[in-house]
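I have placed the structure first, in the form of structure tokens, so that the comments after it can refer back to it.
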Amino acid sequence: MDDAAVETRGLTKRFRGGQLAVDHLDLAVPAGAVFGFLGPNGSGKTTTIRMLMGLIEPTSGTAHVLGRRMPRAARTVLPHVGALIEGPAPYGFRTGRDNLLRYDAADPTADPRTRAARVDAALERVGLGAAAGKKAKAYSLGMKQRLGLAAALLRPRRLLVLDEPTNGLDPQGMREIRALIRELAQDGSTVFLSSHLLDEIEQVCTHAAVMARGRLVVQGPVAELAARAQGRIAVTTPDPGDAARVLKEYGVTDLTVAEDRVTGEPPPGDRDPAELTAALVHAGVRVRAFGLERGTLEDAFVALTGEGFDVTG
Amino acid sequence: MSQGDITFAGPPGARAAATLGLLRSELGLTFRRLRTLVLLGVLAAVPVLIGVVVRIETGDGSPAGGPGAAGGGGPAFMAQISNNGLFLVFTALAATLPFFLPLTVGVVAGDAVAGEASAGTLRYLLVAPVGRTRLLLVKYASTLAFCLAATLTVAVSGLVTGALLFPAGELTTISGTTIEYSEGLWRALLIALAVAASLAGFAALGLFVSTLTNSGIAAMAGAVGLLVTVQILNTIPQLDAVHPYLFSYHWLSFADLMREPVLWDNLYANLRLQGFYALLFGSAAWARFAGRDISA
Ligand SMILES: Nc1ncnc2c1ncn2[C@@H]1O[C@H](COP(=O)(O)OP(=O)(O)O)[C@@H](O)[C@H]1O
Ligand SMILES: [Mg+2]
């Protein structure tokens with residue numbers, strides 16, 4: 001448990017309306033990981049995060065954050081946690097700086113003597129230094145997200161919980177936020193990043209958990225998850241027809257031919273792909289390139305859930 | 001479970017100091033807000049309005065009504081304004097206490113928690129982590145500060161308007177005796193404090209309403225609706241038996257500070273009633289807020 005930044009056992013939340021938002025979730029987030037919490041909209045990510053942060057009470061099951069039971073230990077745990085939950089929420093009629101001063105004043109363990117300096121440092125860190133004196137209602141969505149991030153960075157944190165921090169941003173804004181997240185992870189914080197974007201998780205995270213309809217589908221290191229998705233064999237050749245025939249004889253399935261490229265699922269069992277190249281050459285197929293394409297997290301998701309990762313809403 | 005390395009060693013009293021810091025932040029949030037300033041501005045206008053009307057009515061300089069006429073609150077004070085501007089303070093407080101003054105308190109108290117919930121800022125305060133009990137205490141303290149500020153706004157506006165439009169000098173108490181102007185000023189301050197304290201019970205009720213919903217508007221409307229209901233109940237004679245339990249039952253007791261000697265009984269009864277309301281609805285607000293799911 002000491003090594004887990006976040007650990008849940010059978011964590012369940014049924015809302016009063018009867019909606020089962022999170023269903024027996026067993027999460028284990030290793031300390032130091034950049035943990036992607038992936039799932040389509042409505043899959044229970046925010047509800048899980050609210051339970052981790054002590055905002056809502058689980059219906060059953062337990063949640064430990066930094067080794068302590070939540071929500072019971074909120075007072076001691078949360079000063080070590082920076083969080084962005086379901087979008088930023090600044091006081092619109094106050095300046096960006098005033099917002100951070102207030103959130104810092106809310107933390108009884110934050111040192112008031114260093115408050116002004118820490119607020120300015122956080123604003124600089126997220127690139128809001130120049131806009132610090134502007135009223136938050138005049139901020140763009142991207143600036144509000146940054147302000148939310150700045151609030152999470154007011155103090156050195158052992159854990160950062162970021163719920164869809166790039167939601168609603170343009171590609172440039174997304175890149176900037178992701179770069180910032182990588183930086184933060186390098187500083188040694190565990191990052192718990194929820195997202196409905198597969199490529200975001202693939203780009204940023206070391207570990208991931210996949211949610212679907214309140215249930216955990218799979219979790220583990222991103223590389224392992226991606227490896228679970230079988231790679232595809234790809235042959236580039238001026239003789240695609242012959243190549244497809246030979247590959248089929250050797251048990252390659254799901255063959256597709258596109259111009260000079262033939263791809264397919266490798267045959268079941270542990271056959272060495274080298275046998276395939278030998279067979280192709282033996283049959284007189286001219287091979288320009290032969291390779292095993294690496295699986296992506298998206299392939300893994302499709303393979304695991306049997307459904308596409310289509311995002312609605 | 002391991003105790004981990006999560007420890008907080010702060011100097012003794014650091015937590016109390018931190019709570020003062022939060023209170024300062026809360027006061028800044030309340031009083032640097034346009035809505036609050038508008039409410040205070042409207043309250044400040046009331047004594048000016050009364051003063052101008054009385055001045056026009058008695059434009060020929062003849063006093064309107066004799067000193068120390070009938071007992072009771074407002075009307076007796078009103079009649080004396082043209083004799084002594086200080087009575088404008090008492091009149092304005094008596095005029096605003098039944099509805100205007102608590103209305104503004106209902107807006108501020110109702111919005112206290114629900115407004116943060118609807119803006120989404122509540123979840124960020126809670127993960128800061130502000131502590132739910134601590135937040136509620138600070139919200140109540142700042143609402144009480146608003147009660148005081150609102151009352152003082154009426155009082156000061158009445159004092160200034162009265163001094164500009166009417167004579168100053170010795171004044172006649174409800175008991176018919178005469179007191180110095182300086183003594184009158186002290187009484188005015190005491191009256192303002194008594195009026196502010198009169199609002200403490202309703203402020204707690206408003207804060208409780210504020211913990212019931214995630215909509216600031218709904219909470220404000222709820223608190224003000226309760227105020228209107230109670231003030232209507234207060235006028236129904238058939239409900240005599242209930243009246244002593246309504247938070248506004250002793251509201252006009254502040255007039256007793258203008259007797260010579262001061263009659264303290266009703267003033268104390270009012271403080272007890274307000275304290276009772278503050279405890280009752282403060283506890284209810286805590287019970288509701290401490291374990292509530294914050295899903296806004
Ligand atoms: N306060 C609530 N009351 C009832 N149902 C809710 C509440 N919050 C979320 N839900 C439902 O729980 C499910 C999970 O929602 P959420 O955790 O917000 O998903 P995500 O963050 O993955 O998009 C959704 O079906 C949503 O409608
Ligand atoms: Mg969400």
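Brief remarks follow.
- The B-A contact accounts for roughly 3400 square angstrom of buried accessible surface, both chains included, probe 1.4 angstrom.
- Most mobile of A:28, A:130, A:185 in a GNM of chain A (Cα contacts under 10 Å): A:130
- Couplings 3J(HN,Hα) of segment A:103-110, computed from phi: 5, 6, 5, 5, 8, x, 9, 7 Hz, in residue order, whole Hz [Karplus 6.51 cos²θ - 1.76 cosθ + 1.60, θ = phi - 60°; x for Gly and Pro].
- Exposure of residue A:134 as accessible area (Å², to 10), given a probe of 1.4 Å and all protein chains: 100 Å²
- Helices assigned as whole DSSP H runs in chain B whose Cα atoms extend at least 30 Å along their own long axis and whose mean Kyte-Doolittle hydropathy is 1.6 or higher are found at B:34-57.
- The longest stretch of chain B left intact once loop-based GluC sites (Glu not before Pro) with at most 15 other Cβ atoms within 10 Å are removed from consideration, loops following DSSP, is B:1-169.
- Percent carbon-and-sulfur accessible area, the protein assembly as shown, ignoring ligands, DNA and RNA, probe 1.4 Å: 59 percent
- The alpha-carbon of residue A:45 sits under 19 angstrom from the alpha-carbons of these lysines, leaving out residues fewer than 8 places away in its chain: A:13.
- Pairwise FRET efficiency - residue A:93 versus residue A:31, Cβ, R0 = 41 Å, nearest 0.05: 0.55
- Remark: the Cα gyration tensor places segment A:129-170 in the oblate category, a/c being 1.5 or greater and a/b not exceeding b/c.
- Exposed loop sites here mean GluC sites (Glu not before Pro) with a DSSP loop assignment and at most 13 other beta-carbon atoms within 10 Å; chain A contains its longest site-free run at A:1-258.
- Rounded, prolate or oblate (a/c below 1.5 giving rounded, otherwise prolate when a/b exceeds b/c) for segment A:128-201 by Cα gyration tensor: oblate
- Rounded Å value of the spacing that divides the Cα centres of segment B:168-191 and segment A:176-193: 68 Å
- 5 Å-binned pair-distance histogram of segment A:25-107 (Cα, whole percent): 3, 12, 20, 23, 19, 14, 8, 2, 0
- Accessible area per residue, Å², the protein assembly as shown with all protein chains present, probe 1.4 Å: 43 Å²
- Here the Kirkwood formula puts the hydrodynamic radius of segment A:238-287 at 10.8 Å, using every distinct Cα pair.
- Sequence-distant residues sharing a close amide H with residue A:211 (under 5 Å, placed H): A:38, A:39, A:217
- Each residue of segment A:143-153 was assigned a 3J(HN,Hα) from its phi angle through the Karplus expression (A = 6.51, B = -1.76, C = 1.60, θ = phi - 60°), giving 5, 5, 4, 5, 4, x, 4, 4, 5, 5, 9 Hz with x at Gly and Pro.
- The charge dipole of chain A, taken about its Cα centre with unit charges on the Cβ atoms of Lys, Arg (+1), Asp and Glu (-1) only, comes to about 1880 debye.
- In chain A, the longest principal axis of the Cα atoms and the axis of helix A:240-249 are about 90 degrees apart.
- Simple label model, 7 Å out from Cα along Cβ direction - residue A:257 to residue A:41, nm: 4.3 nm
- For segment B:207-279, projected area of the alpha-carbon convex hull averaged over all directions, nm²: 6.0 nm²
- Under 5 Å from the amide H of residue A:84 lie the amide H atoms of A:161, A:162, A:163, each residue being 5 or more positions distant or on a separate chain, with H modelled from the backbone and absent for Pro and chain starts.
- Under 17 Å from the residue B:31 label point (7 Å along Cα→beta-carbon), backbone N, segment B:89-125: B:105, B:108-109
- Extension reserve of the residue A:138-residue A:281 stretch, reckoned as 0.36 nm per residue once the Cα distance is removed: 44.9 nm
- Chain A: angle of helix A:273-282 to the longest principal axis, Cα-based, in degrees nearest 10: 30 degrees
- Translational diffusion of chain A, µm² s⁻¹ [Kirkwood Rh, Cα pairs; Stokes-Einstein; 20 °C; 1.002 mPa s]: 98 µm²/s
- Debye log10 I(q)/I(0) for chain B, one point scatterer per Cα, at q = 0.15 Å⁻¹: -1.13
- Between residue B:292 and residue B:183, the FRET efficiency estimated from the beta carbon spacing at R0 = 60 angstrom works out to 0.75.
- Kirkwood analysis of the Cα pair distances in segment A:135-292 returns a hydrodynamic radius of 19.3 Å.
- Stokes-Einstein D (µm²/s) once Rh is taken as the Kirkwood radius of the protein assembly as shown over alpha-carbon pairs, at 10 °C in 1.306 mPa s: 55 µm²/s
The values are calculated or read from the model by the stated rules, or taken from the named source; none is laboratory data. What you see is a predicted model; the values in this text were computed from it and never measured. Here Cβ is always computed from backbone atoms with ideal geometry, including for glycine, and neighbour counts include all displayed protein chains. Ligands, DNA and RNA are stripped out before the accessible areas are found, and what is left, the full protein with its side chains, is counted by its heavy atoms. Shrake-Rupley method; radii C 1.70, N 1.55, O 1.52, S 1.80 Å.
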